[in-house]
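Working notes, beginning with the structure itself.
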Amino acid sequence: MEREEVLFGVLGPVTAERATVDSAGRTAGDGRAPIAPSTPIALKGPRHRAVLARLIVARRRVVPVTRLVTDLWPDAPPPGAVGAVQTFVAALRRALEPDRPPRAPARLLVTEGPGYALRAGPDTVDAWRFETTVGEAAKLPPARALPRLDEALELWRGPAYADFAHEEWVRGERARLAELRLRSVERRAGAQLDLGLAAEAVPDLDAHLADHPWREDAWRLLALALYRTGRQGDALAVLRRARSTLVEQLGVDPGPALRRLEADVLAQDPALGATDGPAGPTETAARLWTRAAAAYDRTVASGARARLETTVGLLRDLAVTGGGGLAAAREHRMAAVAAAEEFGDPVLTGRVIGAFDVPAIWTRGDDPELARQIVAAAERTLAALPPPGGSDGPDGSDGPDGSDGPDGSRTYDAVRCRLLATVAVETRGSHSSRGPQAAGQAEAIARRLDDPALLAFALNGVFMQSFTRAGLAPRRAEIGAELVGLGARNGLVTFEVLGRLIGLQAHAALGDFRSADAHATAADRLAERHELPLVGVFTRWYGALRLAAAGDLARARPAYETAAADLPDSGMPGLTHGLLPLALLSLHFADGPRVPARDAVDPAADWGPYRPWITPLAALASGDRPAARTALRALPDPPRDLLYEACCCLEATAALELGDRPVLARVHERLLPASAELAGAGSGLLTLGPVGRYLTAIGAALRD
């Protein structure tokens with residue numbers, strides 16, 4: 001029997017289409033078979049699709065109009081919001097039931113009580129068909145389950161409710177469907193293994209693990225599939241890769257199922273090759289162990305919140321090892337945040353984002369796009385938290401975050417502090433006012449809560465935002481000293497090291513090399529004791545700076561070249577690009593602005609982010625003054641970072657040669673607060689000489 005139905009899709013972007021289907025002889029789980037091309041239904045704007053998606057999430061239940069208003073405008077519903085919802089519903093009704101006579105009651109999107117409900121059939125929503133099919137497949141033998149799982153997985157066109165990934169009202173449903181899909185992929189592979197289709201299972205499991213490296217059962221299935229295709233060596237390699245991923249990169253010990261499988265593969269246990277038939281006592285025991293271990297893993301996986309937080313904490317520890325560890329931590333960090341957001345719990349998400357409190361010393365980020373994504377996730381999570389001063393529940397009982405009673409607001413404040421500190425750290429070097437604002441808020445919360453770890457992280461954010469103008473080295477010296485004290489008193493070793501490195505930078509900027517040397521020595525001792533290899537990258541560069549500042553330029557040059565050899569393996573591209581050419585050029589500025597220094601500019605060198613400030617000098621070296629003037633006038637404001645004063649001094653050098661009074665006046669104003677500092681020495685890496693000498697030269701030029 002043929003009939004026309006509206007089919008809804010949420011396993012991907014939200015869609016609706018009109019189709020003629022033949023349901024004869026089919027169960028609800030079998031879905032509908034269109035016998036003619038379906039016709040997409042225009043759903044107008046995003047608010048219309050949001051109303052439809054919200055009603056699908058409700059699963060035929062009534063959603064009050066007030067709830068729809070709150071979900072569509074979570075911050076502040078506009079005047080007339082209820083009327084707007086009614087308009088959206090009316091438009092959806094016309095689209096879904098275009099042939100409904102005027103004044104006839106709707107049969108699909110109905111009004112009931114205080115709100116609306118979508119009375120969609122159980123097999124007209126792809127997500128519902130997916131769940132039904134997967135549930136039925138679980139009760140079938142492998143030969144019948146495999147095609148049903150194929151049918152279910154083919155329904156997916158992308159992440160569930162893809163248009164509304166960041167909406168609070170759909171997060172729980174998205175997380176539930178995503179987990180069910182991942183389990184279904186693994187059940188399908190298990191069915192293939194049971195049917196002797198091990199070779200067919202391998203490529204899909206490989207792809208599955210590329211996106212979801214934390215799925216221990218998928219590692220087990222892939223290794224078993226390889227073993228059953230006669231690839232014992234590859235199976236062992238996969239198990240080693242699983243251990244490396246889980247332990248070395250993510251810090252999670254392999255579960256008993258993986259450990260048992262590795263032992264069985266090494267022993268070439270006959271049970272691994274068996275897919276059916278009677279089993280002897282040894283084989284029965286092995287299967288019982290495997291099944292019990294799988295049950296254990298499934299139970300642990302149901303508490304994935306705790307595992308997720310632990311994983312991010314271990315990613316943080318991995319990051320401080322530098323090199324490949326830092327790169328791996330960056331690679332997995334956003335995936336962990338995205339996984340946390342799928343739970344729909346802002347406290348959990350805030351903890352996952354804020355747990356990555358890796359001390360940051362360099363003010364130029366290594367991955368700007370990742371930083372942007374992290375900041376966006378942190379801002380979303382901040383917006384989802386209860387307002388400051390709230391409690392967990394109206395009766396003071398435990399809240400969803402596990403905090404106790406009326407003091408639950410402390411938990412929210414701690415999460416809020418970490419999120420704000422994250423925003424401050426990740427917006428380093430930008431000209432936005434959000435970074436300094438977030439840093440100040442994080443510091444205030446941390447001091448009120450009297451939590452040393454929170455305060456250390458917040459102060460890292462304050463440090464990263466302490467470059468709003470030149471001349472703030474004394475303030476950074478204070479931050480460094482407080483971090484050293486906090487770290488030493490509370491066992492926060494990495495933040496004690498951070499304080500030492502900040503102290504090194506700040507005292508170098510002030511020309512107090514005795515204090516800077518003491519900080520460098522203390523940092524190296526801590527690094528050696530606690531295996532923190534990145535510290536040496538900075539202290540070796542500081543050694544080259546000391547030679548340059550002392551006027552020993554002959555030894556400074558090879559010292560810089562030796563220090564630069566460590567950069568490619570440091571895992572810090574934000575530090576690496578352009579630094580060596582800039583350091584070598586700085587040797588020509590030891591006494592302040594010197595016009596002949598332009599001749600030391602190599603236009604072909606990799607100047608990285610510093611090229612805009614090099615371009616006018618390169619043009620002067622080639623004799624092209626008009627090009628130099630154009631490049632000088634086009635210079636942006638220097639980034640608010642450790643080399644702010646150095647960029648200003650490069651700009652001043654070109655402006656002095658060109659006699660560009662407006663530029664000179666601007667640079668003079670910028671540099672004046674740093675008149676007692678060494679330009680660039682606040683980086684702890686290089687110096688262009690005393691700022692005072694640039695100010696003197698600029699002042700003389702402006703008086704002429």
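Data overview
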{"read-out": "Rounded tilt (10° steps) of 256-267 against the dominant C-alpha axis of the chain", "value": "90 degrees"}
{"read-out": "Cα long-axis angle, helix 452-464 against the chain (0 to 90 degrees, to the nearest 10)", "value": "60 degrees"}
{"read-out": "Accessible surface of segment 419-488, 1.4 Å probe, proportion on carbon and sulfur as whole %", "value": "53 percent"}
{"read-out": "Segment 215-228 - phi-based ³J(HN,Hα) in whole Hz, Karplus 6.51/-1.76/1.60, Gly and Pro as x", "value": "7, 5, 5, 5, 4, 4, 5, 5, 4, 5, 5, 5, 4, 6"}
{"read-out": "Packing rank of 207-216, 516-525, where each peptide gets the mean count of other beta carbons within 10 Å, highest leading", "value": "516-525, 207-216"}
{"read-out": "Debye, to nearest 20: dipole size of the chain, +1 on Lys, Arg Cβ, -1 on Asp, Glu Cβ", "value": "1220 debye"}
{"read-out": "Cα gyration tensor shape of the chain, rounded if a/c is under 1.5, else prolate or oblate by comparing a/b with b/c", "value": "prolate"}
{"read-out": "Accessible-area composition of segment 122-227, carbon plus sulfur, in percent [1.4 Å probe]", "value": "54 percent"}
{"read-out": "Heavy-atom surface of the chain, accessible at 1.4 Å and reported per residue (Å²)", "value": "43 Å²"}
{"read-out": "Helical contribution to [θ] at 222 nm, DSSP H n ≥ 4, -39,500 (n - 2.57), averaged over the chain, rounded to 500", "value": "-19500 deg cm²/dmol"}
{"read-out": "On Cα atoms only, tilt of 408-426 relative to the major axis of the chain in degrees", "value": "60 degrees"}
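The values are calculated or read from the model by the stated rules, or taken from the named source; none is laboratory data. For clarity, every value in this text was computed on a predicted model and none was experimentally measured. Every residue, glycine as well, gets a Cβ built from its backbone with ideal geometry; the counts of neighbours run over all protein chains shown. Note: areas computed on protein heavy atoms with side chains; ligands, DNA, RNA excluded. Shrake-Rupley method; radii C 1.70, N 1.55, O 1.52, S 1.80 Å.
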